[in-house]
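Following: one structure in structure tokens, then a few remarks.
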Amino acid sequence: MKNNLENNLARFVRILRHLGIKVSIGETITALNALLLVDLLNRAHVKAALRATLVKNHDEQLLFDQAFESFFTIPEVREQQREEWEERKTEGARLIEAAEEELAYQGEKLDLTEEEKLLYAQLPEAEKKRIKEYLEASYLPEDRYSRFKPMLEYQIRGSLRYWKQRLAEEDELLYLLNEDVDDEVLASVLHQLGQEDSNLLYEDMKRIGERDLPKVTNILKKLSRKLATKISRRYRMSKKAVKIDLRRSIKSNVRYGGIIFKLKFKQKRVQKPQILLICDVSGSMARYAAFVIQFIYGLSAVMKHIESFIFAEELEYATPFFNQLRPLEETMVELIGKSRIWGKGTNLGASLNALKTNYPLLLTSRTIVIIVSDTKTLELERAEQELVGVKRLVKDILWLNTLPQDEWKDLRSVPTFQRHCRMFECYTLAHLEKVTRKQFLH
Amino acid sequence: MNLAKLTIDQVRSGFEKAGYIAEDDIIIPVYLALRLEKPILITGAPGVGKTEIAKVLAYAFETDLIRLQCYEGLDENKALYEWNYQRQLIKIQLIKEGTSDELIEQNLFSRDYLLERPLLKAIQAPKKVVLLIDEIDKTDEEFEAFLFEVLSDFQVSIPELGTLASRYIPVVVLTNNGERELSDGLKRRCVFLFIDFPSIEKEIKIIKVKVPEIGERLAKEVALAIHYLRHHVDLKKKPSISETLDLARALVLFGAQKLEAQHVKQTINLLLKDKDDIDLFNQQVGPAGLIECIQNQQDKRLERRIFT
């Protein structure tokens with residue numbers, strides 16, 4: 001029994017870690033000790049014990065609840081989950097095999113990963129046909145074949161990458177490889193969790209429907225309030241690395257007859273940073289537009305002196321739209337209606353240049369620039385140069401990237417910009433919450 | 001207070017004895033913190049009863065409550081110990097003549113001249129006490145790191161006196177309003193408890209326990225009204241349990257039997273403490289609207305009970 005308990009706990013902790021909850025070994029041991037103190041047959045007690053010892057953040061507790069329900073389920077349901085998972089695995093293997101047959105060049109299999117083959121199997125029939133025809137048309141004599149094959153594979157990979165993103169956006173990827181998970185119970189639970197309606201916090205913001213917008217607004221308001229509280233607070237400086245304030249020291253020690261017992265130190269006045277938001281509203285970011293507007297709206301509602309810009313091909317000053325304390329819907333309609341750049345192509349370089357030229361007073365050593373964008377832009381080199389230029393003028397640049405981190409490696413623009421700013425993955429509210437927490441509230 | 005044999009039922013009855021309505025979601029983490037001798041970190045909106053838990057524990061286990069109220073700029077001197085400078089000065093002047101310097105120094109840095117602040121008091125207590133570290137998020141990171149060390153070993157080194165270790169590990173309750181993210185290190189060492197606003201049923205129970213003079217109908221309507229305000233009006237500061245109880249007491253004073261629009265109008269300042277919130281309430285709902293909403297909620301609840 002004890003072995004089973006330890007084993008199950010370790011597996012459950014692994015699920016939590018897969019879901020992004022940080023659980024240390026120390027906490028796992030505490031959880032095990034806690035389990036020994038409660039009635040193991042009482043599900044509510046077990047849940048409360050694990051929740052209190054493994055998860056230390058309220059938002060993560062919601063994720064924990066889902067994981068707990070999926071993992072600690074009755075054996076029949078567990079068996080059913082496992083069977084479903086097995087079926088999917090078999091089907092996945094069959095699809096990979098079929099893809100291997102089809103993706104051959106002159107009878108030899110192409111060097112593609114399992115994931116790529118699985119992705120190919122899920123492409124629309126027309127696209128599969130196009131790839132097959134392309135392979136057939138690329139016939140080369142034997143002597144040039146070995147040199148040409150890697151190039152062909154590279155092209156197919158590029159096409160598959162494009163389709164991966166597109167199918168994921170349309171929620172049409174049914175089979176995904178999860179190579180990290182070798183345990184079938186874990187795999188089935190993780191799959192189950194992926195199938196469930198996720199919490200709004202963990203939902204990709206572009207998929208959040210209009211129905212949930214009021215809830216999102218509330219979450220963003222809460223976040224913005226926290227941010228505003230932190231920024232308006234002045235923590236007293238410690239005694240380290242500050243100068244003695246002689247005048248205050250003498251004054252406060254008069255009561256000891258002039259003998260200086262207590263030293264007073266000069267306190268550095270903590271200046272509030274000036275936040276400057278630059279949000280990408282180009283075509284590729286269009287699906288995040290609602291979130292972008294709400295983010296600015298939420299922040300503007302609780303923080304004074306926040307400057308906001310939107311950009312696509314050009315830069316537009318958006319602060320006045322958010323300063324009028326109107327309902328979100330009105331602000332959104334007016335902003336989209338009046339903007340000339342909404343949904344167009346992206347030129348970050350030109351936009352940053354316009355910012356430097358037209359609004360130089362906003363770029364000071366107190367300014368923290370927050371860029372919300374997927375990094376896809378025209379004139380990458382120019383954009384990099386302009387970013388370096390802005391970096392020199394301001395305190396810090398934070399980049400909230402709406403692309404999932406595992407796609408960053410596929411884009412040249414990501415490492416280019418990453419060299420000059422701090423970039424964070426930010427496509428769910430949970431990401432935004434985490435960035436806010438770690439960068440501003442810590 | 002022997003915690004080694006403590007049971008969940010004992011904790012539950014302790015809470016009941018102190019008049020704190022709590023279910024297993026609160027009882028279990030508190031029980032675990034006591035049994036595992038770990039600090040309990042309680043978070044939740046202001047006024048949901050975080051601080052009250054420390055008071056309840058002190059009451060239930062018949063021990064002392066030592067409170068450290070955190071605020072911006074709190075440092076070790078105010079939290080741990082300080083030398084009594086004034087007393088030391090007087091002593092120096094009194095024995096200025098005729099005593100060797102070494103003896104003066106020994107005397108001056110003895111226990112007599114030590115001012116114990118809450119943390120040292122809790123460590124040095126002759127019995128197990130409850131140490132409440134209230135609103136930990138109001139301090140800065142440095143103090144948090146210092147606290148973290150004290151809470152790990154429950155011992156303090158005073159250069160002039162040596163190391164003072166605790167004889168009884170205190171029950172530590174930390175409360176957090178979530179204004180600042182606490183360090184992972186501190187969180188890792190604590191048992192975590194999040195207290196949410198109570199359900200309607202639980203709030204009715206709380207009202208009845210804390211304001212026994214209130215009638216059944218009025219208690220229910222107050223709970224429904226508060227629930228509506230919390231969940232349907234986008235307030236900056238949602239009314240907490242303490243505000244619910246203020247409203248209930250005020251209504252009892254008015255001799256009300258049921259909640260009416262004029263009562264809401266007269267007591268809205270007890271519930272909403274921000275001018276913007278009051279304006280928003282009057283604009284979106286209004287006293288008469290709130291009564292109507294309660295009625296609708298009651299009808300729906302009744303319907304649900306009949307059909308399920």
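Any read-out appearing in this document is the output of simple, stated calculations on the displayed coordinates, not a laboratory observation. None of these values were measured; they are calculated from a predicted model. With ideal geometry, Cβ positions are generated from the backbone for all residues, glycine too; neighbour counts draw on all protein chains shown.
Let me check against my output: what whole-number percent is the relative contact order of chain B, with C-alpha pairs under 8 Å and at least 6 apart?
Here the relative contact order equals 20 percent.
Please report, in whole Å, how far the alpha carbons of the stretch B:200-307 spread along each principal axis, starting with the longest.
Answer, in whole Å and largest first: 38, 32, 22 Å.
At a temperature of 20 °C and a viscosity of 1.002 mPa s, determine how fast the stretch B:99-239 diffuses translationally according to Stokes-Einstein, using the Kirkwood radius over alpha-carbon pairs as Rh; express D in µm²/s, rounded to the nearest whole number.
Stokes-Einstein gives a translational diffusion coefficient of 111 µm²/s.
Quick one: what do you get for the stretch B:53-175 if you divide its Cα Rg by 2.2 N^0.38 Å?
For the stretch B:53-175, the normalised Cα radius of gyration comes out at 1.23.
Contact order normalised by length for the stretch B:31-182, with contacts defined as Cα pairs under 8 Å and 6 or more residues apart; what percent is it?
36
Collect residues whose amide H, placed 1.01 Å from N in the peptide plane, falls under 5 Å from the amide H of residue B:164; neighbours closer than 5 in sequence don't count.
Under 5 Å from the amide H of residue B:164 lie the amide H atoms of B:156, B:157, B:158, each far enough along the sequence or on another chain.
Please compute the alpha carbon radius of gyration of the stretch A:2-72, then divide it by the globular-protein estimate 2.2 N^0.38 Å. Two decimals is fine.
Relative to the rule-of-thumb radius for its length, the stretch A:2-72 sits at 0.98.
Can you list the HN-Hα couplings for the stretch B:226-237, worked out from phi with the Karplus curve (6.51, -1.76, 1.60; θ = phi - 60°), rounded to whole Hz and with x for Gly and Pro?
5, 4, 5, 4, 5, 9, 10, 10, 7, 8, 5, 10
Peptide B:181-193: average number of partner chain Cβ atoms within 10 Å per residue?
Across B:181-193, the average partner-chain Cβ count within 10 Å equals 5.
Please list A:407-415, A:419-427, A:63-71 highest first by mean number of surrounding beta-carbon atoms within 10 Å per residue.
A:63-71, A:419-427, A:407-415
Within 10 Å of each Cβ of B:25-36, how many other protein chain Cβ atoms are there on average?
Whole-number average of other-chain Cβ neighbours for B:25-36 is 5.
When the Karplus curve 6.51 cos²θ - 1.76 cosθ + 1.60 is applied with θ = phi - 60°, which whole-Hz ³J(HN,Hα) does each residue of the stretch B:117-130 get, with x for Gly and Pro?
9, x, 5, 5, 4, 5, 5, 8, 4, x, 9, 6, 10, 9
Using θ = phi - 60° and the Karplus curve 6.51 cos²θ - 1.76 cosθ + 1.60, what whole-Hz ³J(HN,Hα) does each residue of the stretch A:353-370 get, with Gly and Pro shown as x?
Per-residue couplings from phi come out as 5, 4, 5, 5, 6, 8, 10, x, 6, 7, 9, 10, 5, 9, 7, 10, 8, 10 Hz.
Sort the following peptides by mean Cβ neighbour count (other Cβ atoms within 10 Å, averaged over residues), highest first: B:170-176, B:192-198.
Ranking the peptides B:170-176, B:192-198 by packing returns B:170-176, B:192-198.
Residue B:72 to residue B:236: extension gain in nm, 0.36 nm per residue of separation minus the Cα-Cα distance? Write out the running numbers ahead of the final one.
On the way: separation 164, 0.36 × 164 = 59.04 nm, distance 2.26 nm.
Between residue B:72 and residue B:236, full extension yields 56.8 nm more.
Tell me the relative contact order for the stretch A:2-72 as a rounded percent, counting alpha carbon contacts under 8 Å between residues six or more apart.
Computed over the stretch A:2-72, the figure is 31 percent.
When you count, for each residue, the other Cβ atoms within 10 Å and take the mean per peptide, how do B:240-250, A:253-263, B:128-138, B:67-77 rank with the highest first?
Ranked by mean Cβ neighbours within 10 Å, highest first: B:128-138, B:240-250, B:67-77, A:253-263.
Just to confirm my numbers, what's the Cα centroid distance between the stretch A:18-55 and the stretch B:1-75 in Å?
If you average the Cα positions of each part, the centres end up 19 Å apart.
Count, for each residue of A:38-49, the Cβ atoms from other chains sitting within 10 Å of its Cβ, then give me the mean as a whole number.
3
Modelled label-to-label distance, residue B:13 and residue A:24, 7 Å Cα→beta-carbon offset: nm?
That separation, rounded to one decimal, is 3.7 nm.
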